[in-house]
Amino acid sequence: MTEPATHSPDAAVGTPTVDAAVRVVDLVKDFGSDVHAIGGLSFDVPRGELTSIIGPSGCGKTTTLKVIAGLAEPTSGRVEVEGRPVTGPGPDRAMVFQDFALLPWATVLRNAAFGLELKGVPRRERESVAREYVAKVGLAGHEDVYPHQLSGGMRQRVGLARALAVDADILLMDEPFASVDEQIRRKFQEDLLNLLSDEDKTVIFVTHSIEEAVYVSDQIVLLTRGPSTVSTVVRPGLDHSAGSDSVRRSTAYLDWVERIWQELESYLEN
Amino acid sequence: MSVTQTALRPTRVLARPWVLRVLSILVVLCLWEWAGRVPVSIAFPTFTDTLAAFVDMLADGTFASAYAETLGPLLVGVGLTAVGGVLAGVVMGLSPRAQWFGLPVFIVLQAAPSAAIIPLITFVYGIGFAAKVFAVVLLSAPVIVLNSYRGVANAPRSLIEMGDSFQANTRQRVWKIVIPAASGLIFAGLRLGLAQGFTGAILAELIITPTGVGDLITYYRSLADYPRMFAAILSIIIFASVSITLLQRLELRLFRPEMRPS
């Protein structure tokens with residue numbers, strides 16, 4: 001059986017990859033003295049690529065992302081963004097939330113512009129930027145409606161527009177499609193890849209869906225069950241030029257899904 | 001044909017909200033009229049008699065002069081609590097220390113039988129304007145403070161986290177996220193506070209010194225002019241409902257544009 005090229009876990013730990021935008025080094029996170037969520041996590045996130053974090057539920061994926069975002073303090077270890085340790089949220093990172101986190105009292109346009117509003121960008125300027133990204137995520141014409149008038153998928157598009165509008169180099173996505181139904185989800189995954197292809201972002205993407213991770217990722221970090229450590233790091237890097245249907249039917253895609261499933265399955269059994 | 005069909009189908013007509021609202025009021029008024037005609041008590045006038053008295057009192061300026069007197073302490077009292085109470089509630093919601101310090105007072109005050117405390121006010125503030133203002137504050141403050149506190153303390157964590165991730169400063173977090181998120185509960189508190197304040201003003205007029213609308217009730221009761229007495233009570237209910245509705249409109253206008261009927 002020809003194995004797809006893989007970085008061994010050892011290679012990913014400790015040794016800096018050529019050009020890492022984000023480095024997670026020996027990250028440990030405990031909640032109180034009893035709950036050990038993350039037990040020494042190290043991996044690199046190559047610049048300009050999409051890295052997924054995947055693992056059994058409760059393995060600290062979201063917690064890892066929050067530490068990278070600067071929204072949670074690590075118990076020990078550190079996260080470096082562009083070589084500088086993270087001490088809090090910063091303009092170099094923008095987050096897309098699992099529950100969308102849109103202001104229900106604000107229109108789509110104001111929500112999309114909210115990151116810029118908080119930075120003090122004048123109204124006219126921020127709205128013109130937001131308008132551009134609202135159109136890019138496919139919501140042109142919906143600028144003046146309120147979140148409750150949109151479907152879950154459309155709401156998350158607003159969340160994505162808000163994150164893109166602040167023009168951070170690093171996009172942190174916390175299970176962005178978890179509350180979106182399957183058909184919409186596939187369309188959204190494609191749209192995301194198209195959108196990112198001309199944005200030059202480094203993306204860290206938390207998901208519990210193996211198919212999703214394989215489909216969108218350049219690199220996948222598989223975590224063990226909590227207290228989590230890196231189980232393995234793989235690079236599916238599928239060629240998307242042939243179109244989404246042929247990718248999803250390709251042997252490479254199916255092999256990767258199977259491989260990751262077997263890896264994760266071993267943690268489910270014990 | 002289809003028009004007459006839909007018009008005749010009773011379920012369709014009943015499905016319209018305003019039809020049911022008007023119907024509910026009519027049912028209450030009919031029961032009132034019936035109870036007045038039985039009569040359940042000689043002191044219980046019919047609705048039609050009360051309405052006639054109401055129109056009379058509106059025309060001869062009785063209401064105008066009574067409300068002019070009642071509104072003073074009410075507006076001052078509710079105004080003070082609205083500003084001070086919302087501020088206190090918001091501060092308690094934002095700061096645990098302020099919460100530990102201030103919250104118990106208002107919880108106790110809300111549970112206390114305020115009507116029983118009102119007579120004590122006269123010992124401190126006498127029987128003048130200040131005593132009535134104090135009665136209004138005493139009744140309206142707990143609900144305004146506690147609702148504001150709850151609204152702020154329960155502002156969605158995910159929105160606050162979102163603000164943090166986009167580096168909101170404290171002022172932005174409070175004004176752009178927490179206060180709008182809490183506005184529903186804050187305004188519910190203000191509406192209830194206004195109603196409570198009104199109770200306070202009337203109680204003060206009944207218990208402390210007979211003036212204003214409270215005096216109308218006492219006065220016409222002593223004359224056994226029950227239609228006028230009930231008209232005075234009816235006017236209080238109408239006044240309170242209208243002012244609460246106006247407050248609700250103000251809230252939608254200021255904070256919750258998405259809930260405004262389009």
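The values are calculated or read from the model by the stated rules, or taken from the named source; none is laboratory data. Keep in mind that this is a model prediction, so the values were computed, not measured. Glycine gets a Cβ as well: all are built from the backbone with ideal geometry, and neighbour counts include every protein chain shown.
Kindly indicate which of A:F188, A:F205 is part of a helix (DSSP H, G or I) and away from chain B (no Cβ under 14 Å). Just one listed residue meets the conditions, A:F188. Across the stretch A:216-233, a minimum of one residue is classified as touching a Lys or Arg at 6+ places or on another chain (Cβ under 7 Å), assigned to a loop (DSSP other than H, G, I, E, B) and more than 23 Å from A:G39 (Cβ to Cβ). When the stretch A:74-93 is limited to residues that are within 14 Å of chain B (Cβ to nearest Cβ) and either modelled with pLDDT of 95 or more or part of a strand (DSSP E or B) (or both), the one that is farthest from the chain's Cα centre (by Cα) turns out to be A:V81. Taking the residues in the stretch B:150-162 that are more than 8 Å from chain A (Cβ to nearest Cβ) and part of a helix (DSSP H, G or I) as candidates, determine which candidate is nearest to A:A112 (Cα to Cα). Looking at residues that are more than 8 Å from chain A (Cβ to nearest Cβ) and part of a helix (DSSP H, G or I), I get B:I160. Here A:H142 meets each of (1) free of Cβ contacts under 8 Å to residues at least 60 places away in the same chain; (2) part of a helix (DSSP H, G or I); (3) within 14 Å of chain B (Cβ to nearest Cβ) with one exception, condition (2).
Exactly one residue out of B:T81, B:T122, B:T70 is closer than 30 Å to B:M57 by Cα, in the same structural domain as B:Q172 (by TED's automatic domain parsing) and either surrounded by 14 or more Cβ atoms within 10 Å (Cβ to Cβ) or modelled with pLDDT under 90 (or both): that is B:T70. Restricted to the stretch B:46-149, the set of helices (runs of 4 or more DSSP H) holding at least 2 residues that are in contact with a Lys or Arg (Cβ under 9 Å, 6 or more places away or on another chain) and of a type outside the set (S, T, N, Q) comprises B:47-59, B:62-94, B:114-125. Listed by first and then second residue, the pairs with beta-carbon distance under 7 Å, at least 6 apart or on different chains, first residue in the stretch B:63-78 and of a type outside the set (S, T, N, Q), second not in a helix (DSSP H, G or I), are B:E69/B:T211. Taking the criterion of being touching a residue at least 12 places away in the same chain (Cβ under 8 Å), of a type in the set (A, V, I, L, M, F, W, C) and either within 13 Å of chain A (Cβ to nearest Cβ) or not in a helix (DSSP H, G or I) (or both), the residues of the stretch B:163-185 that qualify are B:V174, B:I177, B:V178, B:I179, B:A181, B:A182.
Restricted to the stretch A:94-138, and to residues there that are more than 14 Å from chain B (Cβ to nearest Cβ) and within 21 Å of the chain's Cα centre (by Cα), the residue that is surrounded by the most Cβ atoms within 10 Å (Cβ to Cβ) is A:V134.
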